[in-house]
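This report concerns only the one structure given below.
The values are calculated or read from the model by the stated rules, or taken from the named source; none is laboratory data. All of these numbers come straight from a predicted model, not from anything done at the bench. Cβ atoms come from the backbone with ideal geometry, glycine included; neighbour counts cover every protein chain shown.
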Amino acid sequence: MRLVHWNINHRTREKRIPPALVDALAALEADLVVLTEYVHGPTRASFIDALSAAGLGHHVSSVLAPGENHVLIAARAPLERGDIVAPPIAASVPSNALHVRSATLGVDVLGMRLPDYSRKPALRRACWDWILETANAARNRPFVILGDLNTDPAYPRARCGDRLGMLVERGWQHALPAEGDSYWGPGGAARRLDHAFVTPHFAVTAARYVTTVDGHQLGGRGPLALSDHAALLIDIDASQTL
């Protein structure tokens, strides 16, 4: 089973989605796609139709909130909205998280973007407290947490770099690509901000940041880049050890 996360850099605006973005998603051949920093709205019907034509015919979006980013999850198999809801820690938090389950794929997915609270460390810690609490409750079922967590493994404890390891200590597998970066800031600095955590119900067989596919530049700087984030792709199989 292939899962993909991609922050598509809408920055709370209902930006036009170019056909190349759908073409790139189709080329990744995912069974389920999580799009963050996506803004839903009345202009999205053609985009949803294009996803369906690319084989991703089942869609769920997070709660709509004017002036905020949303999460869209699309899949080849039917999806059901889950019962995990992000708390109103701040106005931007609830619409940036979406829980779905697919009985056909045999997995629950929490797709999310942790808003950039680098200048509000108390909010960043509160969001991470919720993520850890949610992970504790979900770890006994086939589950994947996938998204832009705005945290690099090299960040110090003050910036919640240690929280990634805390998920591993709680029994989750960190499907971290062995090389590459996932985000390029305005100054060109590269970071690994996009992450996937998987319960032991699955074996992780591949994890990589995808910057180009089928002639499309997914992430980076410059006019040809579709976003400032690469896509995070993971392949998982049902574990034989459980």
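Looking only at residues of segment 128-173 that are among the acidic types (Asp, Glu) and under 16 Å from the mean Cα position of the chain (by Cα), we find that the one that is farthest from Ala86 (Cα to Cα) is Asp152.
For (1) over 24 Å from Thr12 (Cβ atoms); (2) in contact with a Gly (Cβ under 6 Å, 6 or more places away or on another chain), each residue gets a yes or a no:
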{"residue": "Ala91", "(1), (2)": "no, no"}
{"residue": "Ser95", "(1), (2)": "no, no"}
{"residue": "Leu110", "(1), (2)": "no, no"}
{"residue": "Pro115", "(1), (2)": "no, no"}
{"residue": "Ala122", "(1), (2)": "no, no"}
{"residue": "Trp128", "(1), (2)": "no, no"}
{"residue": "Arg139", "(1), (2)": "yes, yes"}
{"residue": "Phe143", "(1), (2)": "yes, no"}
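Looking only at residues of segment 7-30 that are crowded, with 18+ Cβ neighbours inside 10 Å and either more than 21 Å from Thr211 (Cβ to Cβ) or among the polar types (S, T, N, Q) (or both), we find that the one that is modelled with the lowest pLDDT is Asn9. If only one of Gly55, Gly67 is assigned to a loop (DSSP other than H, G, I, E, B) and under 14 Å from Val33 (Cα atoms), which one is it? Within the list Gly55, Gly67, the selection yields Gly55. Look at (1) within 21 Å of Arg113 (Cα to Cα); (2) out of contact with any helix residue (DSSP H, G or I) (no Cβ under 7 Å at 6 or more places or on another chain) and you find that Thr205 fails only one, number (1).
Looking only at residues in segment 191-229 that are farther than 26 Å from Ala138 by Cβ and of a type in the set (Gly, Ala, Ser), the one that is surrounded by the most Cβ atoms within 10 Å (Cβ to Cβ) is Gly219. The residue pairs whose first member lies in segment 68-83 and is farther than 15 Å from Pro94 by Cβ and modelled with pLDDT of 95 or more, whose second member is basic (Lys, Arg) and assigned to a strand (DSSP E or B), and whose beta carbons are closer than 6 Å, counting only pairs six or more residues apart or on different chains, are Glu80/Arg101. Checked against (1) part of a loop (DSSP other than H, G, I, E, B); (2) β-branched (Val, Ile, Thr); (3) within 23 Å of Arg13 (Cα to Cα), Thr104 passes all but condition (3).
How many residues are aliphatic (A, V, I, L, M) and within 21 Å of Val4 (Cα to Cα) if we restrict to segment 87-112?
Of segment 87-112, the ones aliphatic (A, V, I, L, M) are 89-91, 93, 97-98, 100, 103, 105, 107, 109-110, 112.
Those left that are additionally within 21 Å of Val4 (Cα to Cα): 97-98, 100, 103, 105, 107, 109-110, 112.
Result for segment 87-112: 9.
For Trp184, the criteria (1) surrounded by 18 or more Cβ atoms within 10 Å (Cβ to Cβ); (2) over 19 Å from the mean Cα position of the chain (by Cα); (3) of a type outside the set (A, V, I, L, M) hold in every case but one, which is (2). Note on segment 135-161: residues that are part of a loop (DSSP other than H, G, I, E, B) and among the β-branched types (Val, Ile, Thr) amount to 1. What residue, among those in segment 216-242 that are hydroxyl-bearing (Ser, Thr, Tyr) and modelled with pLDDT under 95, is nearest to Pro186 (Cα to Cα)? Step by step, filter segment 216-242, then rank; the result is Ser239. For segment 163-206, which residues satisfy the criterion of being at pLDDT below 95 and at positive phi? Correct list: Gly188 only.
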